[in-house]
Amino acid sequence: MPSYFYRADTVKVKSGASYLNNPWAGGFNNPQFSEIDLNFDGVKDIFVFDRSGDKVVTFLNNGAAGITDYKHAPEYESLFPKMMDWAFLADYNCDGKEDIFTHTSGAMAVYRNDGNAIDGLKFTLITSALLSDYLTDTIPITVNAVSLPTITDIDGDGDLDILNYATNNIYVEYHQNQSIELYGTCDSLAYKIEANCWGYFSENAVSNDVNLNDTCSPLKMNGHAGSTLLAIDLDGDNDKDLLVGDISFSNLVMLTNGGDSQNAYMASQDYAFPSSSSPVNLTIFPCAYYVDVNNDSAKDLLVTPSASNVSENVNSVWYYRNTGTTAFPNFTLESKSLFQDEMIELGEGAYPVFFDYNTDGLSDLVVGNYGYYNNTGSYQSGLALYENTGTSVNPEFKLISTDYASIASLGMQNIIPSFGDMDNDGDEDMIIGNKDGALHYFKNSAGAGNTASFTLTEAFYKGIDVGNFSAPFIYDINSDSKLDLIVGEQNGNLNYYENTGTSLSPAFTAISSFFGEVDVRQDGSILGYSVPCVYKINGETNLFVASESGDIYHYTNIDNNLTGAFTVEDTTTGNIFEGERSGVNVNDLNNDGLVDLVVGNYDGGIALYYGSNPAGVKNIHQPFSGIKKTYPNPADDNLAIDFGKDNYFSQIIIFDQMGNEIYKHNLGDKKSITITTSNFSGGLYNIIAYGKNEYTSCKFVVLH
C-alpha cells in the first residue's frame, strides 16, 4: 500500500474546447487576496485565504507586463501558519517581504515573514493580540470574525496603520502606527487610537446607508453586524478614500475623502461603484482587494463575497482591470470568475466518485455538490460528469455535463453518489444521499457494456434515513456476494446496513450505527460529516473516511472484525488537506498498482493525489518534525538534510513531482547528508527516508 501521496496536478482537464490552467486548485467560496513573493524571485505572486474552511491557496506568477498567467503552487500552502476567518498580507517592517495579519479570538495576530531565497518561506508569530493605546489603557485592537479591516499607510509616513469597525460599532476606528514617530523607522507595531470616528461618518446599523457629516458625539454603539473596508486613493489626491461592503447587501459604497492624509473627512458617496464600469453587484457582503493582477504595475481591483453559505459561489471573483495607475485608478470589469474559470469549480461542496459511465474501461469522475447558490437564498445541487478521455496509464478528463442524470430538477441538496450493481443485471446502478439523510435509488437501464442511463426508481430507498447529510457507499463488506451499504452522516459516525435479501432483490437490515467505532469529529465538535470509501488493497479491506475537518482518515483491521473497532492508520492525515467538509474516493487511476485518491472540499473544487511506495517500507509513520531541511542556494547547489540525533534511517530516495525516482542513497550510520542538486531541474521534490520499519518524508524546492 502507498506510504504517502503526492499531488497529480499535471493531469489535464478540458472544459469546452480549452484545457483548464489550474484544474485541481480546489475552488473558491469566499476568497481573500494578497500579494507576496512566494519563491523569492522578485515577482509578486498571489496568496488566497478562503474563509470558507480557513484554507490557503497559493499561485506563482508566470506572467509578464500586461499578461495574466498564474499557476497553482500547492507546495507553499503548508508553509503558512494556521489562520482563521480572515488573513491579509502586508509588509509592516519595510523589509520588502509581506507579513501576515489575521484574526484571533476578538483580536488580531501578526506573523513576521522571516523567509529568504535559501530557506524558503518562514513565518514567526510576533503577537497573538495586536495592542493599541486607547488613551486610557493599552489593550488589543478589537476586531471580529465578520468585519474585515484595512491595513495600509493612512497618514503617508511609511508605516502601516489600521482602520477597522470595532464590535457593534457604526464608526471606523483609526489606529495610527507610531513606529516612525517613536523610532524613526517603520519596523515596529506601536499603535494608538488616533480617531474613533475616522472620516466623520457612520454606517446605519440595519442598512448600508452612510451618514456623512456625523458629529461623532456621543459615540453610538448600535449593534452593526459587519462591514468590509478597503482604503485606497481613488482620485489621485494623496489621501485614502474608502470602499465599504455591508453584510446584507451586494454593492460597494465608495466614500470620497474631502480632507487630507492627516485629517480624513468623507465628503461624498457613490452606491454604484465603480460607476465608470459595471457596478459591483455580487451576492453578498462584498469585499475589495487591491493587487496587480496583470503585471502592468497598476494595482487592479478584485471583489469577492465575504458571507459564508449565503453568497455567490461560482462567479465570485470579480476582476476590475485598472486602466489608470495605482495612484489614480480607473476600473473596467474584465471577468466575474478570475481563477475560478481555470479550475474545477462546482459551487459549494464537492464529493467526487470514480465511475466508468461509458464502460470503456477508464475511470471517469462523477462529482456531487452541496449546491450552486442561485441568488434567491437557496441552492441547486447536481452531479458533474468528467469523462476520462486519456489512457489506462495517463488519465485526462473532459467536462461532459454539470447536471449529469438531470438530478438538479429533483430539488435535492448536498448530493453524494455511489455506484454498484444493485439488481445483478450487469450494469451499475446509482444510490445518492443528500441533506435530508435519506437514500435515493436510480436504476441503470442501459444494460451491460453500455453507457449508463439512470432513472429515479425508488426515492427514500428501503426506508433508510440516517438523520442528516447521508453519504452512501455500496460494497460487499461481509463478502457474501451481496452488496451492502456503508452510510456516513452529519454526526461523523458510520452506519452499516447488511443486505439480508438477495443480489437480485436487496433488503437491508441495520446492523450498526457506530460501525467500526468510526468517529471523525474533532476538537469537541458535534459534527463530523463522514464520507466513506471502501477499497481492497493487497487483498485486505481498507476504509477511507473524509470529514468536516478536512482530514482523510484511513482504517484497517476490517476483515473478520465487522463488530469490532477498526484500526486508524495515519497515512493520509499527514500530508493531505484540501479544506473543510471533504469528500474522498479511491482507485488506481494510472494503473501502477498503487492507490490514488480524489479529494473534494467545501469550496467546490477537487484535488487528485497519486500514491507512491518506495520499496522496503514496512510500516507507515506520519511525517514528523525531526527532519530539518534547507533550500539549496542557487550559487552552490547544495542541499543539507539533518535527520536529527535520535532518528536512524538506512536509505533515502528522492522523487520528482511526478513520482519518478531520481536519486537513491544508503545512509549507513549517518545522521545527515548533503546532496548536490545541480543535475536537478527547478521545482518541488519529495524525500523519503526509511529504515527497517520506519518511514518519514519532507519536501524541498530547487530554485535554479
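If you add up the charges near GLU498, with Lys and Arg at +1 and Asp and Glu at -1, over every other residue whose beta carbon is less than 13 angstrom from its beta carbon, what do you get?
-1
How high is the relative contact order of region 50-90, in percent, counting Cα pairs under 8 Å that sit 6 or more residues apart?
41
Using amide H atoms built in the peptide plane, which far-off residues or other-chain residues are under 5 Å from PHE123 H to H?
Answer set, sorted by chain and number: ASP114.
Please sort 181-187, 344-350 by packing, taking for each peptide the average over its residues of neighbouring beta carbons within 10 angstrom, highest first.
Highest-to-lowest ranking by the protection proxy: 344-350, 181-187.
Considering only VAL110, ILE653, ALA145, whose Cα is most displaced toward the positive end of the charge dipole of the chain, charges sitting on Cβ of Lys, Arg (+1) and Asp, Glu (-1)?
About the Cα centre, the residue reaching furthest to the positive side is ILE653.
Rolling a 1.4 angstrom probe over the protein heavy atoms, how many square angstrom per residue are accessible across region 414-495?
On a per-residue basis, 33 Å².
Please give the net charge around LYS12, taking every other residue with its beta carbon less than 13 angstrom from that of LYS12, where Lys and Arg add +1 and Asp and Glu add -1.
-2
How large is Rg over Rh for the chain, taking Rg from the Cα atoms and Rh as the Kirkwood inverse mean of 1/r across Cα pairs?
0.99
For the chain, give the magnitude of the charge dipole about the Cα centre (Cβ charges: +1 Lys/Arg, -1 Asp/Glu; no others), in debye to the nearest 20.
Once rounded to the nearest 20, the dipole reads 1060 debye.
If Lys and Arg each add +1 and Asp and Glu each add -1, what is the summed charge of the other residues whose beta carbon sits under 10 Å from the beta carbon of LEU608?
-1
Based on Cα positions only, what radius of gyration and what Dmax would you give for region 70-147, in angstroms?
14.2, 49
Tell me, what HN-Hα J-couplings in whole Hz come from the Karplus equation 6.51 cos²θ - 1.76 cosθ + 1.60 at θ = phi - 60° for each residue of region 548-555, using x for Gly and Pro?
4, 5, x, 5, 10, 8, 10, 10
State the answer as a single residue: which of TYR320, GLN176, PRO506 lies farthest towards the positive end of the charge dipole of the chain, with beta carbon charges of +1 for Lys and Arg and -1 for Asp and Glu, about the Cα centre.
Among TYR320, GLN176, PRO506, the one farthest towards the positive end of the dipole of the chain is PRO506.
Please list, in chain and number order, the residues 5+ apart from VAL317 or on another chain whose amide H is under 5 Å from its amide H, with Hs placed from the backbone.
So VAL317 has HN proximity to SER337, LEU338.
Determine the equivalent ellipsoid of region 107-184 by diagonalising the alpha-carbon gyration tensor, then write out the semi-axes as square roots of 5 times the eigenvalues, largest first, rounded to whole Å.
Semi-axes from the Cα gyration tensor: 25, 17, 13 Å.
Which one of VAL393, ASN294, TYR373 has its Cα pushed farthest toward the positive end of the charge dipole of region 289-431, where Lys and Arg give +1 and Asp and Glu give -1 at the Cβ?
ASN294
Which distance in nm do the two modelled labels at LEU410 and ASN196 give, with both placed 7 Å along the Cα-to-Cβ direction?
5.7
Report the gain in length on full extension from ASN204 to THR563: 0.36 nm times residue separation, minus Cα-Cα distance, nm rounded to one decimal.
Roughly 123.3 nm would be gained on extension.
Please give the contour-minus-distance gain from ILE400 to ILE118: 0.36 nm per residue of separation, less the Cα-Cα distance, rounded to one decimal in nm.
Here the segment from ILE400 to ILE118 would lengthen by 97.1 nm.
From Cα pairs below 8 angstrom and at least 6 apart in sequence, can you work out the relative contact order of the chain, rounded to a whole percent?
10
Per residue Cα convex hull volume for region 309-453, in cubic angstrom?
Roughly 133 Å³ of hull volume per residue.
Hey, quick one: spin label on SER453, modelled 7 Å out along Cα-Cβ, who in region 360-386 has an amide N within reach, i.e. under 18 Å?
360
SER525 to THR136: FRET efficiency via 1/(1 + (r/R0)^6), r the Cβ-Cβ distance, R0 51 Å, to the nearest 0.05?
0.85
What FRET efficiency do you get for THR556 and LEU504 if R0 is 35 Å and r is their Cβ-Cβ distance, rounded to the nearest 0.05?
0.65
The values are calculated or read from the model by the stated rules, or taken from the named source; none is laboratory data. These figures come from a predicted structure and were not determined experimentally. Positions of Cβ are generated from backbone atoms using ideal geometry, with glycine treated the same way; all protein chains shown enter the neighbour counts. Keep in mind that these areas ignore ligands, DNA and RNA; they rest on the heavy atoms of the full protein, side chains included. Shrake-Rupley method; radii C 1.70, N 1.55, O 1.52, S 1.80 Å.
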